[in-house]
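*Asks:* The structure's right below; bear with me while I get my questions together.
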Amino acid sequence: MTPRVAPGRAHDPAATRGALISAATRVFAERGFQGARVDEIARRSGVNKAMINYHFAGKAGLYREILAAGFGEFRRQLEPVRASRGSAEARLRGFATAMAALAASRPFFFTMVLREVTSDGSPMDDEVIGHIMSIVEIDQEIIVQGIKDGAFRDVDPLLAHLSFAGALIFVFATAPFRQRMAAAGAKRRVRARGGSAGRCPVFPSLESFAEHHHDLFTRGLSRRARTTTRRSP
């Protein structure tokens, strides 16, 4: 028996898969793999829950598809960075830009990832872990290049990667919370001003934070002499 689907999607498998992936990414981000329910994913996507089994062989298959597709896209975006003969600083900027692009194209992806990796990450299979390890290796290669070229100080490449990528992941993963903060701040100003919201707080775009973090991080790694301004006694 063919599973029922929402009107308008019966003959569009790509739209059905896209709706399920989009809704499931948000549900997994909010509740984690264990807490996510197929009924809720189906309701938010507007798709019959039988289609989850039809397209992904169940919740676990849908979860793996989201992670594999997201990290696979990231790896593809990093291929030009890996093949580039540019400076380590330029390649590191490319790494950060690719992360920001992934966060923009797949909202809630990094929120979903951060939720799982703060536990034991057990729902992640070997394919997903392989994607993550390849990404870590690319970033470490860039750090090593900078050290060999004399642009970066002699640091542990893995620790440098964790510092660089970790801050980006945290900021990208917490974007939904910052949106709530902005909305709450607007409501407070409405009350304080007697009905006028005034100017809303400006939270940085993903791209602007990636650029800021890259500049801050590479300055910290730089071997170039720094001038120190002494304060008067």
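The values are calculated or read from the model by the stated rules, or taken from the named source; none is laboratory data. Source: prediction; values computed, not measured. Counting neighbours? That spans all protein chains shown, and the Cβs are built from the backbone with ideal geometry, glycine included.
*Asks:* Need the failing condition index for Met181 against (1) in contact (Cβ under 8 Å) with a residue 60 or more places away in the chain; (2) over 16 Å from Val113 (Cβ atoms); (3) outside any loop (DSSP other than H, G, I, E, B), just the number.
*Replies:* (1)
*Asks:* Does Gly150 satisfy the criteria of being modelled with pLDDT of 90 or more and either under 18 Å from the mean Cα position of the chain (by Cα) or buried (at least 17 other Cβ atoms within 10 Å of the Cβ) (or both)? Steps first, answer last, please.
*Replies:* Values: modelled with pLDDT of 90 or more: yes; either under 18 Å from the mean Cα position of the chain (by Cα) or buried (at least 17 other Cβ atoms within 10 Å of the Cβ) (or both): no.
No, not satisfied.
*Asks:* Being at pLDDT below 95 and buried (at least 19 other Cβ atoms within 10 Å of the Cβ) is true for just one of Glu116, Glu127. Which residue is that? Let's see the steps before the verdict.
*Replies:* Values: Glu127 fails: buried (at least 19 other Cβ atoms within 10 Å of the Cβ).
On inspection, the qualifying residue turns out to be Glu116.
*Asks:* If you scan region 23-43, which residues turn out to be buried (at least 17 other Cβ atoms within 10 Å of the Cβ) and of a type in the set (Gly, Ala, Ser)?
*Replies:* Once the filter is applied, which keeps residues that are buried (at least 17 other Cβ atoms within 10 Å of the Cβ) and of a type in the set (Gly, Ala, Ser), region 23-43 yields Ala23, Ala24, Ala29, Ala36, Ala42.
*Asks:* Right, next: Restricting to region 87-120, name every residue that is in a loop (DSSP other than H, G, I, E, B) and touching a helix residue (DSSP H, G or I) at 6+ places or on another chain (Cβ under 8 Å). Reasoning before the result, please.
*Replies:* Residues of region 87-120 in a loop (DSSP other than H, G, I, E, B): 87, 106-108, 118-120.
Once the filter is applied, which keeps residues that are in a loop (DSSP other than H, G, I, E, B) and touching a helix residue (DSSP H, G or I) at 6+ places or on another chain (Cβ under 8 Å), region 87-120 yields Ser87, Arg106, Pro107, Phe108, Ser119.
*Asks:* Hey, does region 45-57 have a residue that's out of contact with any Phe, Trp or Tyr (no Cβ under 9 Å at 6 or more places or on another chain) and without any contact (Cβ under 8 Å) to a residue 24 or more places away in the chain?
*Replies:* yes
*Asks:* Working carefully through the options Ser163, Ser205, find the one that is modelled with pLDDT of 70 or more and within 20 Å of Ile138 (Cβ to Cβ). If you could, list the steps in order and put the result at the bottom.
*Replies:* Numbers: Ser205 fails: within 20 Å of Ile138 (Cβ to Cβ).
Exactly one of Ser163, Ser205 is modelled with pLDDT of 70 or more and within 20 Å of Ile138 (Cβ to Cβ), namely Ser163.
*Asks:* Could you go through region 71-88 and let me know if any residue there is closer than 27 Å to Asn53 by Cβ, touching a residue at least 40 places away in the same chain (Cβ under 8 Å) and of a type outside the set (Gly, Ala, Ser).
*Replies:* Going residue by residue through region 71-88, those that are closer than 27 Å to Asn53 by Cβ are 71-73.
From what's left, touching a residue at least 40 places away in the same chain (Cβ under 8 Å): 71-72.
Within this subset, residues satisfying the condition of being of a type outside the set (Gly, Ala, Ser) are 71.
The answer is yes; a qualifying residue exists.
*Asks:* Say whether the condition of being at pLDDT below 90 and touching a Gly at 6+ places or on another chain (Cβ under 6 Å) is met by at least one residue in region 2-24.
*Replies:* Yes - at least one qualifying residue is present in region 2-24.
*Asks:* Does Ala175 meet the test of being modelled with pLDDT under 90 and surrounded by 15 or more Cβ atoms within 10 Å (Cβ to Cβ)?
*Replies:* Values: modelled with pLDDT under 90: yes; surrounded by 15 or more Cβ atoms within 10 Å (Cβ to Cβ): yes.
In short, yes.
*Asks:* So, Arg93, is that one under 20 Å from Ala29 (Cβ atoms) and either out of contact with any Gly (no Cβ under 8 Å at 6 or more places or on another chain) or touching a residue at least 40 places away in the same chain (Cβ under 8 Å) (or both) or not?
*Replies:* Numbers: under 20 Å from Ala29 (Cβ atoms): no; either out of contact with any Gly (no Cβ under 8 Å at 6 or more places or on another chain) or touching a residue at least 40 places away in the same chain (Cβ under 8 Å) (or both): yes.
When the stated conditions are applied, Arg93 does not pass them.
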